[in-house]
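Undergrad: Handing you this structure, nothing more for now.
Derivation of every value follows stated rules applied to the coordinates shown; laboratory data play no part. Please read all numbers here as calculations on a predicted model, not as lab measurements. Heads up, the Cβs are rebuilt from the backbone with ideal geometry, glycines too, and the neighbour counts pull from every protein chain shown.
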Amino acid sequence: MHYTEDEESALTRCNSEDDVVKGLLEGWLKLSVIGLGWMGLPTACLYASKGVEVIGVDINPRVVELLNKGTNYLPSEPELDKLLKEVVGKGLLRAITDTREAARQCDIFIVVVPTLVDRSGKPDYSALEDVAKKLGEGIRKGSLIVVESTVGPGVTENVFGRVIEEVSGMNIGKDLFLAYSPIRAMAGRTLIDLVKYPRILGANDDRSFMLAKAVLSLIVEGGIIKVSNIKTAELTKLCENIYRDVNIALINQIAVLCERLGIDVYEVIEAANTQPYCHLHLPGIGVGGHCIPVNPYFLLDVADREGIDLTLVKEARRVNDSMPIHVVKLIVETLRRLRGQVERAKVAVLGITYRGNVKEHRYSPVLEVIDGLSKLGVEVVVFDPLYTKEELASIGVKGVDSLEEAVRDADCIVIGADHDEFKDLDLDLIARLARKGACIVEGRHVIKRPEDVLRRGLKLRGVGRPYYG
Ligand SMILES: NC(=O)c1ccc[n+]([C@@H]2O[C@H](COP(=O)([O-])OP(=O)(O)OC[C@H]3O[C@@H](n4cnc5c(N)ncnc54)[C@H](O)[C@@H]3O)[C@@H](O)[C@H]2O)c1
């Protein structure tokens, strides 16, 4: 029990949203953002840019050191460079590694730490538990916590809330206030999404909701969407990503069938989506990033405990996880057709990230494709304009610094990521440098007109495409 009567947050004096905003802008309320990664750092910078004094917390000392120098360590968030320099320069944002210290100094806490799953699909909420424990050791009565990490329904209350109550000896809804508001932004355009998208907010009591709404409204222009409670807000976020996972799985299965039927799935998608109720997604090499392939497991974990079998959600995961293997099969089949064997064939992979234009390869399906090919004795060379040769080597793949080097003498050219640089591929260069009759295999759809490829003596295939050649 750490709480004593005289350790109250100035938030206890706030009776309206206006009071909270005033407190933050006048500096008698302090805000802490815990977890300064892809989502947390832009969040901290946005608050600081409004004139709020922000203490950022991250357990990684390297991140803290860089941020205190005003150095943006997140690639693919270029707008952040300027903003971060500005707010650090003005003394509005400083970073520390000590969550307990932030708990003692601040009144409002935004928690954006990672939430993961292990290899068996079991959720790992240890970062959230760690934050709850440390906050519980220093937090003052009357403080507000807004959890923004993605979690299964019930986790904010039953995992995070339980720990903080146990450690602090205080009660949520009476001494401490708790709300949940999921992040809907996409890495690479976080600063825009955090401001423009409407924001879901749920709390279990009116005061928590009022306080959290005031805080979020400072940076969110897209409006706050109230849902009945924390659990509903948690599930809403999961549904958004599961919707995408299931729909991608649907089109991935149809895409595989299209390859057999000699139908181009992209033509089907374009035509079908002219019907107002049809929103076919895009197929591809696999689903990556740390949201869509991870979030369904948060729900499956809860559903399993309730004895509900979410077969569709499970099947979508299975289908999408099988796509890198499918792409390996496509490449192997192509190599056999072109050279009779796969051993010592050269395959150039263009792009290793899970999404175009974002320098993030964690959970990227392209790495699985590279691994699968390498195991079959194929020489795989990677070119990704977002990575240097050295960076690629540190990931464990053989990288080169130019498209020319990658495609020279290649039997297959695999499009791994739809970076802007690949959307207007220099097909003349590929035709000149790759092996005669080489095949482009699309893992992401960048080639709109197969005839452009055929005209240059190259061949084309890809997820959902017939063999053009
Ligand atoms: N990245 C996305 O596109 C995205 C989008 C929407 C929601 N989310 C969710 O937001 C949350 C954060 O994701 P992210 O992409 O920003 O993660 P990230 O891995 O980029 O960053 C998390 C940061 O938290 C720090 N951290 C880890 N444990 C900590 C602890 N115990 N105390 C303090 N700091 C700690 C890490 O050092 C890291 O800097 C996750 O729940 C994720 O699912 C992410």
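Undergrad: I'd like to compare 177-185, 155-163, 318-326: which one has the highest average count of other Cβ atoms within 10 Å, and what's the full order after that? Don't skip to the end; give the middle numbers.
TA: Values: 177-185: 24.1, 155-163: 21.4, 318-326: 18.4.
Ranking, from highest mean packing down: 177-185, 155-163, 318-326.
Undergrad: Which value, in nm² and rounded to one decimal, describes the direction-averaged projected area of the C-alpha convex hull of the stretch 260-468?
TA: Result: 12.9 nm².
Undergrad: Cα to Cα, under 30 Å, and not fewer than 8 places away if on the same chain: which lysines meet these conditions relative to Lys314?
TA: Here the lysines satisfying the reach criterion relative to Lys314 are Lys122, Lys226, Lys231, Lys237, Lys329, Lys359, Lys375.
Undergrad: State the three equivalent ellipsoid semi-axes of the stretch 280-378, derived from the C-alpha gyration tensor as the square roots of 5 times its eigenvalues, in descending order and whole Å.
TA: Values: eigenvalues 194, 49, 24 Å².
Each semi-axis is the square root of five times an eigenvalue, giving 31, 16, 11 Å.
Undergrad: Once the convex hull of the alpha carbons of the stretch 10-227 is built, what does its volume come to per residue, in cubic angstrom?
TA: Details: hull volume 24.1 nm³, N = 218.
Hull volume over Cα atoms, normalised by residue count, gives 111 Å³.
Undergrad: While we're on this one: Please provide three numbers in whole Å: the alpha-carbon extents of the stretch 374-452 along the principal axes, with the largest listed first.
TA: Sorted from largest, the Cα extents of the stretch 374-452 read 38, 27, 20 Å.
Undergrad: Between Leu116 and Arg305, what length in nm is gained on full extension when 0.36 nm per residue of separation is reduced by their alpha carbon distance?
TA: 66.2 nm
Undergrad: Scale the Cα Rg of the stretch 79-121 by the rule-of-thumb value 2.2 N^0.38 Å and send over the ratio, two decimals.
TA: Ratio of Rg to 2.2 N^0.38 Å for the stretch 79-121: 1.65.
Undergrad: Relative contact order of the stretch 227-283, please, whole-number percent, based on alpha carbon pairs below 8 angstrom and at least 6 residues apart.
TA: 37
Undergrad: A follow-up question, please. Given N residues in the chain, what is Rg(Cα) / (2.2 N^0.38 Å)?
TA: Compared with the compact-globule rule of thumb, the chain sits at 1.09.
Undergrad: For a label point 7 Å from the Cα of Asn15 along Cα→C-beta, name the residues of the stretch 173-188 whose backbone N is under 19 Å from it.
TA: Of the residues in the stretch 173-188, 174-175 have backbone N under 19 Å from the label point off Asn15.
Undergrad: Label Glu404 and Ile192 with points 7 Å out from Cα along Cα→Cβ: what is the distance between them in nm?
TA: 3.3
Undergrad: Right, next: Just subtract the alpha-carbon distance of Ile224 and Arg62 from 0.36 nm times their residue separation and send over the number in nm, one decimal.
TA: Between Ile224 and Arg62, full extension yields an extra 54.9 nm.
Undergrad: Taking the simple approach of a point 7 Å from Cα along Cα-to-Cβ for both Glu270 and Lys375, what is their distance in nm?
TA: 3.7
Undergrad: Separate question: Would you be so kind as to identify which of Val21, Leu194, Leu144 lies farthest towards the positive end of the dipole of the chain, taking Lys and Arg as +1 and Asp and Glu as -1 on Cβ and the Cα centre as origin?
TA: Leu194
Undergrad: Using only the Cα atoms of the stretch 63-190, build the gyration tensor, take square roots of its eigenvalues as a ≥ b ≥ c, and label the shape rounded, prolate or oblate: rounded if a/c is under 1.5, else prolate if a/b is larger than b/c, else oblate.
TA: Note, shape of the stretch 63-190 comes out oblate.
Undergrad: Which entries in the list Lys30/Lys174; Lys69/Lys90; Lys69/Lys213; Lys50/Lys82 go over 22 Å, if you measure between the two C-alpha atoms of each?
TA: Cα-Cα > 22 Å for Lys69/Lys213; rest within.
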